[in-house]
Amino acid sequence: MEEYERRIVVGICAMTKKSRSKPMVQILERLCRFDFIDVTVFPEDVVSEQPPENWPLCDVLVSFHSKGFPLDKAVEYSKLRNPLLINDLDMQYFIQDRREVYRILQEEGIDLPRYAVLNRDPDRPEECNLVECEDHVEVNGEIFQKPFVEKPVCAEDHNVYIYYPTSAGGGSQRLFRKIGSRSSVYSPESSVRKTGSYIYEEFMPTDGTDVKVYTVGPDYAHAEARKSPALDGKVERDSEGKEVRYPVMLTAIEKLVARKVCLAFKQTVCGFDLLRANGHSYVCDVNGFSFVKNSMKYYDDCAKVLGNLVMRELAPQFHLPWSLPMESEDIPIVPTTSGTMMELRCVIAIIRHGDRTPKQKMKMEVRHPLFFELFDKYGGYKSGKLKLKKPKQLQEVLDIARLLLVELGQHTDCEIEEKKSKLEQLKTVLEMYGHFSGINRKVQLTYLRTGKPQASSGEEDCHKEGPSLLLVLKWGGELTPAGRVQAEELGRAFRCMYPGGQGDYAGFPGCGLLRLHSTYRHDLKIYASDEGRVQMTAAAFAKGLLALEGELTPILVQMVKSANMNGLLDSDSLSDSQNRVKTRLHEILQQDQDFSADHYQKLAPTQSPSLVNSMNQVQNPVKTCDEVYGLIQNLTSQIRQRLESPTAQNLQLYHSESLELMLQRWSKLERDFRMKNGRYDISKIPDIYDCIKYDSQHNSTLGLDHTPHLLRLSRALADIVIPQEYGISKEEKLAIAQTYCVPLMKKIQLDLQRTHEDEGVNKLHPLYSRGVMSPGRHVTTRLYFTSESHVHSLLNMFRYGGLLDEEQDAQWKQAMEYLSRVPELNYMTQIVIMLYEDNNKDPSSEERFHVELHFSPGVRGCETEEDAPLGCGFRPASSENKDQGSLEDLSQDQPDQALLVSEPISLQRRSPMVRNRKTGSMEVLCEAAPKVAPLRLFSSGSRQSPEFKPSPGLGSMCSGLFSCSAPNLREFIRAHHRKNPTRPGLNPDQTRTKPEPLRKPPLSPGSLPSTVFDFLCFPPKKRFSVTLALHPTNGFEGCSMVPSIFPLETLHNSLSLKQIDEFLHRVCKTSDRPEPALMEAHSRLSSEACLRQFISNYTSGPSSPVTESPTPNSSFSQ
């Protein structure tokens, strides 16, 4: 081989902390493997103390700025020696100024968040115009609504603040350079900084994820995702103390952006930050020279790219032999799913909000010009309705009320038509808490062209002519500390439905979801209606689901999407059919006689057992209302007596309520329930039940007499009124359900169709993934948090919309019987849809996709264990599903493998089942599969059937995990495995104990002949039903116990995607028909014939989606 004496010297000129870092050392070692490249590192003392002419000579210069680095001297050296620059030095001055960075990005046509620069420069006063308001700032004429971001113009200053709106709790999140395991902290301060120059920019909702991109030349880009520092401020670190990041795949557009950034800033090695939001990618920061940490594959690639770049530029000049390698330096890899097990592809859940304070409402008709001016000011005439929630708007309403009360006091004969008592109540409610928050109060104004019609109760003796406004004041309904605990706990328990983890996550329930999410194989979107209690429930659930820490406000702003567009999760007004149903319902319940057979036919045509039981308990509705009214009077009398006690002033009730406020609640119900004409206002029954349920749970320490009796009677009445307000007959239930939830059902249909179209989400890069054995697995989760009306309506759609024929499907018949026994859809009610894919099936086959439908009635009510309805369990095997091995074993995070069964499995007709009805952290059902070796769901610490003696296993682990606000999972699990390498007193054979039979709903003859119960895999048959232990509200005010939540029950587990898709097409399509015509047609037909016609008439393709772009008019199987 010919000897070449001339070699290329690569000089590294940087601070020692950077030049001797682990990534730099790893890359330089690989760079030295090139035959003609040598590396020399400039000593820091030489760089700092010597003039540039005394610095070592080099042919290629790798030099970059960091704290303390003399960039001016490096520029001088470059001009003196003229080496090949890997990173341009002059451009590094611009990178230190965020204003220049944004200017260059704009010039290159790169998307970045909308922004404005506030320069506090005395020489440029025109660039220093700042107007700060409660929920927005105006910077040089540009308005930024909260949440917005405030960045110092100096890129070296990492004190970035994010300001939150008052509707989300206000305050700010303060980001800083990582200190230990913290990168940000929440502050209650809502005012922007008054000194220094800043960039103000629109906050981009990224679902709590940041993407950092690292280029090595314009044709190579590596991307890693991490938890956003703004989410809860806790830095996730691995065992070596490094921040946990996972490599993700860039889209074609993002690779183009990486190329543009690299070339625009002339930085071969360059890092920048990407925000993925609203289907687009935005660059929000350019960091200059940056290396990926802890990725051997990246070190190899980086050294190869840099070495080839140097050789390509200098080899001809130095007469060195070199040819361009033929292999691509950035191989495009598309991850695919393989194996025979079904993959969990999508989880969709519709969840009611958590425990709340009683909702309260006051209506009054107003005619004063000031109210009309306010109505006009905020555009009320456009739709005839106006909702006021912002602090400024509520303050204006309060000012009007105060003014009118002053005028009433000065002129008793003035023409102010508003009632004084109503105005005083309006003023009192708006002055509560000492501050405004859109979460707990709102005012609605509705335009009445001819005034409010006279109430039947004789509210007004005289009816005024001319237009007026109906003012509705709503307050209360806040999420309680118990509701927050319920949501967090359910979020933690919800993890158990996802694939299990490995490594540090192995052997622990629910960590598979954390593993999926932290490795960016989980596409999560959370939607909530605009009610504060619903949004805070969603935030608390997300906190528990993802093991986040800190306040709910940052989680709410970043993770929860407001979904009040197109009525997705909100409905402001009642439909005509619902008003007619309420009128008929009230007429029936105003009759002072025992329920007759005719009443049962009129009020319970569906023959629902829960409704019939409530009617049996009520018997005479008027007499029951008399008794309820008397109990309310007795209750208010008891509260007044307590107020006369000397200690009453010091008595603090739950959630900071006082006895005076409690008395106001009940006194208002006492006044409103019995009207002036002696009849009862049936619409107040849900409010009465609401209040007594709240006080029975949270204020039971008062020891008020007769509250259990009042709770029992009001519940019986509420179990008649509440579900029947959404329709009495099946046809009415369907018609009303469509007015509420068709937009939501169209969105669910779209979610199921778009499961595979995940180009815009974070996808794990298989080449760079370390410790992740199945990078191709990807799960989509869509969570919809809403109120009772949407949950009732959606469930009615599934029950009565013709999804399946009860006579033809025994499992569906049993599920319908179970639902008919559920009396109440309580807080945290869940409807869950799970989609699986079997990649071994033909894409056009109906067996390719498998859909399951699950349900939980939410928080346990006041019923005893014996009265609680019992379903058929979570994920029982269907008799139609012969190929049981196709269900995915979700306890493993590894390449999918078929479960090979060497001999036939004998299936029992009715398998005995262990069902633990006691409340605990988890409820475990086990069943031994004959002739099949046991497969443990967890490697250690598994809690088995109740016969086992208590031991430090899953039960204690879960209670420890669930009771703390945000566990450090890795440390906790490591500690557990160290302490409990094997479970004491339990040998492996004990995992298959003989189960004791417990009651279960009877199966009709011939139904489900091969029913077995499993937990997400077969064999063996194990399952987890998620319930929550009684929990003291640790860390919250009050001493209330938190009720547990009913486990999920499977309604059906062998649906095809085609069935669901066609069902959603049909029910959404029929909603396009005019409602009166639909109701008229129903009135002409018998209920059975009408239902059949309703189901079969409209079978054409889907109507166009509401919130997303249209999709082809076909199902997956087509």
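If the requirement is being more than 19 Å from Thr209 (Cα to Cα) and either aromatic (Phe, Trp, Tyr) or in contact (Cβ under 8 Å) with a residue 24 or more places away in the chain (or both), which of these qualifies: Leu256, Leu263?
Leu263
From the residues in the range 293-308 that are closer than 24 Å to Ser66 by Cβ and surrounded by fewer than 18 Cβ atoms within 10 Å (Cβ to Cβ), which one is modelled with the highest pLDDT?
The extreme case among them is Lys293.
Going through the range 76-134 one residue at a time, which ones are of a type in the set (Gly, Ala, Ser) and touching a Leu at 6+ places or on another chain (Cβ under 9 Å)?
Result: Ser78, single match.
Taking the options Leu569, Leu548, name whichever one is among the hydrophobic types (A, V, I, L, M, F, W, C), within 30 Å of Tyr447 (Cα to Cα) and not in a helix (DSSP H, G or I).
Going through Leu569, Leu548 in turn, the sole match is Leu569.
Among all residue pairs at least 6 apart or on different chains, which show Cβ distances below 9 Å where the first residue, located in the range 107-130, is free of Cβ contacts under 8 Å to residues at least 40 places away in the same chain and the second is loosely packed, with under 14 Cβ neighbours inside 10 Å?
Going by the 9 Å Cβ cut-off, the qualifying pairs are Glu127/Asp121; Cys128/Asp121; Cys128/Pro122; Asn129/Gly141.
All but one of (1) buried (at least 22 other Cβ atoms within 10 Å of the Cβ); (2) modelled with pLDDT under 90 hold for Ala482, so report the exception by its number.
(2)
Tell me, which residue of the range 1045-1054 that is modelled with pLDDT of 90 or more and more than 23 Å from the chain's Cα centre (by Cα) is nearest to Phe541 (Cα to Cα)?
Out of the qualifying residues, it is Leu1051.
Being closer than 27 Å to Met816 by Cα and either loosely packed, with under 12 Cβ neighbours inside 10 Å or of a type in the set (Phe, Trp, Tyr) (or both) is the filter here, so list the residues in the range 589-607 that pass it.
Phe595, Ser596, Ala597, Asp598, Tyr600, Gln601, Gln607
I'd like the residue in the range 348-386 that is outside any loop (DSSP other than H, G, I, E, B) and acidic (Asp, Glu) and, out of all such residues, is nearest to Lys427 (Cα to Cα).
Glu365
Hand me the list of helices (runs of 4 or more DSSP H) wholly inside the range 589-699 holding 3 or more residues that are free of Cβ contacts under 8 Å to residues at least 24 places away in the same chain.
597-603, 621-643, 659-673
Can you name every residue in the range 265-292 that is within 17 Å of Ile86 (Cα to Cα), among the polar types (S, T, N, Q) and surrounded by fewer than 22 Cβ atoms within 10 Å (Cβ to Cβ)?
If the condition is that a residue be within 17 Å of Ile86 (Cα to Cα), among the polar types (S, T, N, Q) and surrounded by fewer than 22 Cβ atoms within 10 Å (Cβ to Cβ), then Thr268, Asn287, Ser290 are the ones that fit.
Does any residue of the range 113-123 turn out to be touching a Pro at 6+ places or on another chain (Cβ under 9 Å) and either outside any loop (DSSP other than H, G, I, E, B) or open to solvent by 50 Å² or more (accessible area, probe 1.4 Å) (or both)?
no
Taking the range 186-203 as the region of interest, how many residues are touching a residue at least 60 places away in the same chain (Cβ under 8 Å) and either outside any loop (DSSP other than H, G, I, E, B) or open to solvent by less than 20 Å² (accessible area, probe 1.4 Å) (or both)?
Adding up the residues that qualify gives 7.
Do any residues in the range 273-296 that are under 18 Å from Tyr220 (Cβ atoms) have Cβ atoms under 7 Å from those of residues that are part of a loop (DSSP other than H, G, I, E, B) and of a type in the set (Lys, Arg), where the two are at least six apart or on different chains, and which pairs are they?
The qualifying pairs are Lys293/Lys242.
Restricting the range 147-185 to residues that are without any contact (Cβ under 8 Å) to a residue 24 or more places away in the chain and of a type in the set (Lys, Arg), which is most open to solvent (accessible area, probe 1.4 Å)?
Among those residues, the one meeting the criterion is Arg177.
Which of the residues belonging to the range 436-478 are modelled with pLDDT under 85, at negative phi and open to solvent by less than 70 Å² (accessible area, probe 1.4 Å)?
Matches in the range 436-478: Phe436, Ser437, Gly438, Ile439, Asn440, Arg441, Lys452, Ala455, Ser457.
Out of the residues in the range 48-70 meeting the condition of being within 24 Å of Val286 (Cβ to Cβ) and either among the charged types (D, E, K, R) or in contact with a Phe, Trp or Tyr (Cβ under 7 Å, 6 or more places away or on another chain) (or both), tell me which one is surrounded by the fewest Cβ atoms within 10 Å (Cβ to Cβ).
The qualifying residue surrounded by the fewest Cβ atoms within 10 Å (Cβ to Cβ) is Lys67.
For Asp690, indicate whether it is touching a strand residue (DSSP E or B) at 6+ places or on another chain (Cβ under 7 Å), modelled with pLDDT under 95 and within 22 Å of Gln578 (Cα to Cα).
So Asp690 fits the description; yes.
Open to solvent by less than 10 Å² (accessible area, probe 1.4 Å) and assigned to a helix (DSSP H, G or I), is that true of Val101?
When the stated conditions are applied, Val101 passes them.
Check the range 790-801 and report whether any residue there is more than 26 Å from the chain's Cα centre (by Cα), of a type outside the set (Lys, Arg) and more than 22 Å from Ile1045 (Cβ to Cβ).
Yes - at least one qualifying residue is present in the range 790-801.
Would you confirm whether or not the range 347-360 contains a residue that is at negative phi and open to solvent by 80 Å² or more (accessible area, probe 1.4 Å)?
yes
In the range 542-564, what residues are of a type in the set (A, V, I, L, M) and under 13 Å from Ala230 (Cβ atoms)?
Leu548, Ile555, Leu556, Val557, Met559
The values are calculated or read from the model by the stated rules, or taken from the named source; none is laboratory data. Nothing here was measured: the structure is a model prediction, and the numbers come from that model. Glycine also receives a Cβ, built like all others from the backbone with ideal geometry; neighbour counts cover every protein chain displayed. Side chains are part of the model used for accessible areas, which takes the heavy atoms of the whole protein and leaves out ligands, DNA and RNA. Shrake-Rupley method; radii C 1.70, N 1.55, O 1.52, S 1.80 Å.
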